[in-house]
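Have a look at the structure below before the remarks.
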Amino acid sequence: MKIDLGDLNAFVAVARAGGFREGARATGSSASGLSEAVRRVEAQLGVRLLNRTTRSVVPTEAGAGLLARLTPALTEVDAALDVINRFRDKPAGALRLNVPVSAARLVLPAIIPAFLAAYPDIRLEIVADDNFVDVLAAGCDAGIRYDERLEQDMIAVPIGPRLQRFAAAASPAYLDRHGRPDHPRDLLGHACIRGRFASGAMILWEFERDGEVVRVDPTGPLIVQVGAATDLAVDAAIAGTGIMSLFEDWLRPHLDNGSLEPVLEPWWQQFSGPFLYYPGRRLVPAPLRAFIDFIKVSSNQR
């Protein structure tokens with residue numbers, strides 16, 4: 001029995017992603033094309049591989065068994081084809097990275113233009129997502145995360161600034177009206193602009209000075225989703241809505257032009273910079289290997 005390799009890849013993409021639309025986003029193809037490919041495989045095998053409802057797509061017992069056997073086999077096929085890539089003058093192909101919005105804004109702009117100029121045959125896709133996802137299940141080759149959110153059994157390579165700080169800030173007008181906090185606990189008496197992850201978890205504010213760590217859970221008139229609506233929080237702070245906490249580098253232009261004023265600066269907590277992480281495969285795809293080597297050289301040149 002001969003089944004098209006592309007159709008098998010389509011089945012794997014849909015099964016991993018949990019849906020045809022999600023699989024289409026992960027592979028850069030159409031949902032209808034993936035649906036037709038899966039139907040062809042099921043027709044040739046004479047077995048239903050996916051249970052489809054209006055809300056979900058879940059592998060059947062037969063589909064789960066096929067997925068478990070196909071995944072390592074197709075990985076080996078990709079690795080074998082990638083060997084050919086090494087005979088090119090420069091690596092070519094697709095590279096898909098899953099990154100938090102903060103990295104897309106603060107880390108990658110200093111890296112991506114030069115990388116693409118050095119490797120014009122690589123097509124790079126950045127998926128900015130603050131959810132903690134499995135990069136492989138999301139159809140990505142690698143991800144960027146901070147140390148506390150790295151997945152186990154992954155190889156991690158430093159990328160971008162190695163030290164960063166969380167900053168608290170508010171508009172001078174707000175602080176003139178409501179006073180300037182002297183200690184993090186004073187924030188409990190202020191209007192604060194909060195961030196919430198897509199999971200629903202609220203972000204506690206953490207400060208540190210001379211070895212003393214203070215965590216506060218302030219309240220305020222505005223809560224925004226982390227990443228997707230962060231710029232709204234910045235605009236609201238500039239307009240005088242309240243005090244906010246965010247990456248110092250994100251707020252730096254507004255601190256420098258005076259539209260925001262630092263709050264509790266001696267207490268700003270320092271933390272280690274992000275990492276590029278990827279599975280410890282026997283063969284790393286050539287585009288990803290080129291990106292890893294590029295960021296290592298860039299780091300050494302700083």
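The values are calculated or read from the model by the stated rules, or taken from the named source; none is laboratory data. Predicted model, so just to flag it, every value in this text is computed and none were measured. No Cβ is skipped: glycine too gets one built from the backbone with ideal geometry, and neighbour counts run over all protein chains shown. Heavy atoms of the whole protein, side chains included, go into the accessibility calculation; ligands, DNA and RNA do not. Shrake-Rupley method; radii C 1.70, N 1.55, O 1.52, S 1.80 Å.
Antiparallel beta bridges, as assigned by DSSP with both residues in the chain, represent about 65 percent of the total such bridges.
Packing order of peptides 217-225, 166-174, highest average first: 166-174, 217-225 (average count of other Cβ atoms within 10 Å over each peptide's residues). The candidates LYS2, LYS296, arranged from most to least accessible area with a 1.4 Å probe in the full protein assembly, appear as LYS2, LYS296.
Think of the chain as having a plus end and a minus end, set by charges on the Cβ of Lys, Arg, Asp and Glu; of ALA128, PRO181, LEU70, LEU70 sits farthest toward the positive end of this dipole. Distances between placed amide hydrogens fall under 5 Å for GLY195 paired with ILE203, VAL224, all partners being 5 or more residues away or on another chain. Overall, the ratio between the Cα radius of gyration of the stretch 163-271 and 2.2 N^0.38 Å, rounded to two decimals, is 0.97. Among GLU206, GLU61, GLU212, the order of accessible area from largest down is GLU61, GLU212, GLU206, computed with a 1.4 Å probe on protein heavy atoms.
Give the Debye-formula value of log10 I(q)/I(0) at each listed q (0.18, 0.22 Å⁻¹), with one equal scatterer per alpha carbon of the stretch 5-82, two decimals each. Evaluating at q = 0.18, 0.22 Å⁻¹ gives log10 I(q)/I(0) of -0.67, -1.00. From largest to smallest, the equivalent ellipsoid semi-axes obtained for the stretch 234-298 from the alpha-carbon gyration tensor read 38, 13, 11 Å. Within the accessible surface of the chain, defined with a 1.4 Å probe on protein heavy atoms only, the carbon and sulfur portion equals 52 percent. What the phi angles of the stretch 4-9 give under the Karplus curve with 6.51, -1.76 and 1.60, with θ = phi - 60°, is a coupling list of 4, 4, x, 5, 5, 4 Hz, glycine and proline written as x. Only the Cβ atoms of Lys and Arg (+1) and of Asp and Glu (-1) were treated as charged; on that basis the dipole of the stretch 163-271 about its Cα centre amounts to roughly 300 debye. When peptides 191-203, 240-252 are ranked by their average number of other Cβ atoms within 10 Å per residue, the highest-first order is 240-252, 191-203. Once the dipole of the chain is set up with Lys and Arg at +1 and Asp and Glu at -1 on Cβ about the Cα centre, which of GLY258, SER272, ALA156 lies farthest towards its positive end? In the chain, that residue is ALA156. Karplus-based coupling profile of the stretch 158-168, in residue order and whole Hz: x, 9, x, x, 7, 10, 9, 9, 8, 10, 10, with θ = phi - 60° in 6.51 cos²θ - 1.76 cosθ + 1.60 and x standing for Gly or Pro. At a probe radius of 1.4 angstrom, the accessible area of the chain per residue rounds to 52 square angstrom.
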